[in-house]
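The values are calculated or read from the model by the stated rules, or taken from the named source; none is laboratory data. Note that this is a predicted model, so its numbers are computed, not measured. A quick note on method: Cβ atoms are made from the backbone with ideal geometry, for glycine too, and the neighbour counts reach across all protein chains shown. Heads up: the accessible areas ignore ligands, DNA and RNA and are worked out on the full protein's heavy atoms, side chains in. Shrake-Rupley method; radii C 1.70, N 1.55, O 1.52, S 1.80 Å.
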Amino acid sequence: MKNIICDIDGVLLHDNRLIPGSDKFIQRILEQGNPLVILTNYPVQTGKDLQNRLSAAGIDIPEECFYTSAMATADFLKHQEGSKAFVIGEGALTHELYKAGFTITDINPDFVIVGETRSYNWEMIHKAAGFVARGARFIATNPDTHGPAYSPACGALCSPIERITGKNLSTWANRAHGLFARRLTILMATLKIPSS
């Protein structure tokens with residue numbers, strides 16, 4: 001194998017428990033010196049958080065191997081016009097946006113960015129919908145509607161904003177494939193992974 005891109009949930013871990021053999025698989029990849037990228041669409045944890053999570057399960061992976069949807073979103077937005085964002089999400093998402101040079105604000109944002117959070121509320125929906133209605137670009141870290149046990153995920157949090165503003169998920173979803181391809185291209189270039 002030359003380059004390995006791997007998911008976490010359902011591939012390496014299930015309910016934060018090691019999937020049998022995944023530790024040996026990762027150890028072998030790292031020992032052989034193959035470039036490894038651990039991708040996740042979960043925008044709530046930083047690379048360091050994920051490193052700790054996998055270490056607790058018995059897999060030691062360097063922090064720089066992790067690439068989250070929060071990181072991909074920040075990388076994508078660095079190439080867009082505008083630098084102010086209203087964010088609905090946890091610390092890992094705002095951390096990545098700060099690293100990318102964004103100002104997090106509720107005053108005239110260029111973007112409304114939705115990740116995942118357990119503190120979602122009416123005020124967030126109201127502000128986000130107003131900003132989007134007045135022209136802020138609406139970005140989601142991923143289209144997932146739910147996680148394990150039907151816990152609401154990013155796509156579900158976007159739904160009320162879409163309904164209020166008239167921006168429907170199908171319009172956003174049609175662009176998602178292109179956005180992912182761009183994010184993957186940026187990641188591969190950053191890690192110097194050949195595209196062939």
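For region 54-81, the tally of residues that are in a helix (DSSP H, G or I) and touching a residue at least 40 places away in the same chain (Cβ under 8 Å) stands at 10. So, Arg163, is that one over 16 Å from Ala70 (Cα atoms), at pLDDT 85 or above and touching an Asp or Glu at 6+ places or on another chain (Cβ under 7 Å) or not? No; evaluated as a whole, the condition is false for this residue. When region 97-143 is limited to residues that are part of a helix (DSSP H, G or I) and within 14 Å of Phe76 (Cβ to Cβ), the one that is least open to solvent (accessible area, probe 1.4 Å) turns out to be Leu97. Hey, does region 23-42 have a residue that's more than 20 Å from Asp75 (Cα to Cα) and of a type in the set (Gly, Ala, Ser)? Scanning region 23-42 turns up at least one residue that is more than 20 Å from Asp75 (Cα to Cα) and of a type in the set (Gly, Ala, Ser).
When we screen Val37, Val11 for residues that are surrounded by 18 or more Cβ atoms within 10 Å (Cβ to Cβ) and either free of Cβ contacts under 8 Å to residues at least 24 places away in the same chain or not in a loop (DSSP other than H, G, I, E, B) (or both), the only hit is Val37.
Residues are listed down the side, and each one gets a yes or a no for (1) within 19 Å of Arg134 (Cα to Cα); (2) modelled with pLDDT of 95 or more; (3) touching a Ser or Thr at 6+ places or on another chain (Cβ under 9 Å); (4) of a type in the set (Asp, Glu):
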{"site": "His79", "(1), (2), (3), (4)": "no, no, no, no"}
{"site": "Lys84", "(1), (2), (3), (4)": "yes, yes, yes, no"}
{"site": "Ala92", "(1), (2), (3), (4)": "no, yes, yes, no"}
{"site": "Tyr98", "(1), (2), (3), (4)": "no, yes, no, no"}
{"site": "Thr103", "(1), (2), (3), (4)": "yes, yes, yes, no"}
{"site": "Asp106", "(1), (2), (3), (4)": "yes, yes, no, yes"}
{"site": "Gly115", "(1), (2), (3), (4)": "no, no, yes, no"}
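For Ile5, are the conditions met, namely being of a type outside the set (Gly, Ala, Ser), surrounded by fewer than 16 Cβ atoms within 10 Å (Cβ to Cβ) and in a strand (DSSP E or B)? Yes: the conditions hold for Ile5. Within region 153-174, not a single residue is closer than 17 Å to Gln45 by Cβ, open to solvent by 20 Å² or more (accessible area, probe 1.4 Å) and without any contact (Cβ under 8 Å) to a residue 60 or more places away in the chain. For region 96-106, the count of residues that are in contact (Cβ under 8 Å) with a residue 60 or more places away in the chain and not aliphatic (A, V, I, L, M) is zero.
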